[in-house]
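What follows is a short report on a single structure.
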Amino acid sequence: MMARILVIDDNADLLQMIRLLLEDQGGHEVILSAEGEDGLARALDNPPDLAIVDVMMPGITGYEVCRRLRQEPSTADTPIIILTARGQPVDRQMALEAGADEYIAKPVTMTVLLERVNRLLAQRAVRPAAPTPGMIALVSLRGGVGVTTLAVNLAVIYARQSPDQVCLVDLSTSSGHAALQLGLRPDPNWSALALLDADPGEVAVRNYLLAHPAGLHLLAAPFVPVIGEGPTGEMMLSTLTLLRQGFNTVVVDLPSVLLEGTMAVLEAADAIGVVTTADPPAIQTTVGTLQVLRSFIPKVRLILNQVAPGTPVSVEALQRVLKQPLVASIPFDAGQAEALAHGKPLALTTPQSPLAQGAARVAAALVGASVRPSAT
Ligand SMILES: Nc1ncnc2c1ncn2[C@@H]1O[C@H](COP(=O)(O)OP(=O)(O)O)[C@@H](O)[C@H]1O
Ligand SMILES: [Mg+2]
């Protein structure tokens, strides 16, 4: 099975060796690039069947190349092998978090490389499709930690990967801000849906959605806060079930209270992102939240977001306190205030911004949280 393989490495000798190997012994077509930006441009210009990327290069690193390839729909599923200088668990972790399928520690044995390349190509040939995000719920019982911001940016990122397959649902009962962050007027919203006694059906539920040019749809929250419990768990679930039939990705921005409906959504979700900041009240709330959600722990992913400027937090220290790994640490991003004011999420306008990059890591960590085939 002949494939087009892109190899990005600043070491000219290694490049030639890999080319000889893949062409002569593998029977593949090989495109060489000595530099990250150039390699990226080539990949996006004409997506290869597989990419081999070195980590340490002048300019952007291989991890960055990998992340950017994952963000583009045309290369989101391209098999990627990362060549790392060291073979420590942390290097493997970094490679996988960047979105690589495999990592190989240098020095690279040519037989191993060829074997991995052919194995990945064979897997690709039989693998039907990459896992879709499914239903992703984002929650924090401490308001103001960036749940809505993250939900909106995640929806934008997923919509870039599969346009028109993404629905964002704002279940806030206190004047939700998802519509605001997307520059949309929250009309219609779910308050009308909540009044129906019967299930509207998959087609009719679309009448309650707002469309955004980024290729996503929004079930907005009512502008006027709801007095009392808000929509019932039953109503939320039936709506979400309908939306799941029409969209491969449903991102839910949950209110910061464990209402009956919140629990129902957490139960039904394929993955749960628990968002926290690193100030003592948020940490306390997160510790408590993880206790309440302990039956969901296998699908829970912990996310640190810094909503205020200040000294960066020690991720290790926080992980020790929370007794859970963090899948992403999103730095404070001074651009977010303007993004909010203009109703234009950073993932849309500035994919290279720290917040958008952080959201991309979260997006990757939440997909197929339990089903993604693990790389070796
Ligand atoms: N990483 C970040 N950098 C800077 N500001 C942020 C960041 N994340 C969120 N914010 C800001 O923090 C505030 C609270 O975020 P929001 O998403 O509304 O939180 P929540 O939904 O948890 O209440 C908003 O003004 C938002 O723009
Ligand atoms: Mg919110």
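The values are calculated or read from the model by the stated rules, or taken from the named source; none is laboratory data. All of these numbers come straight from a predicted model, not from anything done at the bench. For neighbour counting, all protein chains shown are included, and Cβ atoms are generated from backbone atoms with ideal geometry for every residue, glycine included. Calculation scope for accessible area: heavy atoms of the full protein, side chains included, ligands and nucleic acids excluded. Shrake-Rupley method; radii C 1.70, N 1.55, O 1.52, S 1.80 Å.
If you go through the stretch 212-219 one residue at a time, do you hit one that is under 18 Å from A151 (Cα atoms) and free of Cβ contacts under 8 Å to residues at least 12 places away in the same chain?
Yes, the conditions are met somewhere in the stretch 212-219.
Taking the condition of being of a type in the set (D, E) and within 24 Å of Q291 (Cα to Cα), how many residues in the stretch 315-371 meet it?
Here the count works out to 1.
Which of the numbered conditions does F223 fail, given that it passes all the others? Conditions: (1) at pLDDT below 95; (2) open to solvent by 10 Å² or more (accessible area, probe 1.4 Å).
Against the list (1) at pLDDT below 95; (2) open to solvent by 10 Å² or more (accessible area, probe 1.4 Å), F223 comes up short only on (1).
Across the stretch 354-368, what is the number of residues that are within 8 Å of the chain's Cα centre (by Cα) and either in a helix (DSSP H, G or I) or of a type in the set (G, A, S) (or both)?
Number satisfying all stated conditions: 8.
Evaluate the stretch 314-329: report whether one residue or more is in contact (Cβ under 8 Å) with a residue 12 or more places away in the chain, of a type in the set (A, V, I, L, M) and within 16 Å of ligand 2 (Cβ to nearest atom).
no
For the stretch 250-268, state whether one or more residues are touching a helix residue (DSSP H, G or I) at 6+ places or on another chain (Cβ under 6 Å), assigned by TED's automatic domain parsing to the domain that holds Q357 and either more than 20 Å from V169 (Cβ to Cβ) or basic (K, R) (or both).
no
Could you identify the single residue in A51, A95, A137 that is outside any helix (DSSP H, G or I) and under 28 Å from I297 (Cβ atoms)?
The unique qualifying residue is A137.
Can you tell me how many residues within the stretch 154-211 are acidic (D, E), away from ligand 1 (no atom under 16 Å from the Cβ) and more than 14 Å from M235 (Cβ to Cβ)?
Of the residues in the stretch 154-211, 3 are acidic (D, E), away from ligand 1 (no atom under 16 Å from the Cβ) and more than 14 Å from M235 (Cβ to Cβ).
Would the stretch 135-154 turn up any residue that is surrounded by 15 or more Cβ atoms within 10 Å (Cβ to Cβ) and more than 16 Å from ligand 2 (Cβ to nearest atom)?
Yes, the conditions are met somewhere in the stretch 135-154.
So in the stretch 1-40, with the set limited to residues that are crowded, with 16+ Cβ neighbours inside 10 Å and more than 21 Å from M57 (Cβ to Cβ), which one is modelled with the lowest pLDDT?
G26
Tell me whether the stretch 277-298 contains one or more residues that are assigned to a helix (DSSP H, G or I), more than 16 Å from ligand 1 (Cβ to nearest atom), open to solvent by 70 Å² or more (accessible area, probe 1.4 Å) and hydroxyl-bearing (S, T, Y).
The answer is yes, given that some residue of the stretch 277-298 is assigned to a helix (DSSP H, G or I), more than 16 Å from ligand 1 (Cβ to nearest atom), open to solvent by 70 Å² or more (accessible area, probe 1.4 Å) and hydroxyl-bearing (S, T, Y).
For D91, are the conditions met, namely being among the charged types (D, E, K, R) and not assigned by TED's automatic domain parsing to the domain that holds P225?
Against the criterion (among the charged types (D, E, K, R) and not assigned by TED's automatic domain parsing to the domain that holds P225), D91 qualifies.
Looking only at residues that are more than 18 Å from L171 (Cβ to Cβ) and touching a residue at least 12 places away in the same chain (Cβ under 8 Å) in the stretch 192-205, which one is most open to solvent (accessible area, probe 1.4 Å)?
Looking at the filtered set, the residue picked out is E202.
Out of curiosity, is D199 more than 16 Å from ligand 2 (Cβ to nearest atom) and at positive phi?
Here the answer is no, as D199 does not meet what is asked.
Does the stretch 35-47 contain any residue that is out of contact with any helix residue (DSSP H, G or I) (no Cβ under 6 Å at 6 or more places or on another chain) and part of a loop (DSSP other than H, G, I, E, B)?
yes
Filter the stretch 265-276 down to the residues that are among the acidic types (D, E) and in a loop (DSSP other than H, G, I, E, B) and list them by number.
Matches in the stretch 265-276: D270 only.
If I filter the stretch 44-59 down to residues being under 15 Å from A100 (Cβ atoms) and either surrounded by fewer than 19 Cβ atoms within 10 Å (Cβ to Cβ) or not aliphatic (A, V, I, L, M) (or both), which single residue comes out as modelled with the lowest pLDDT?
M56
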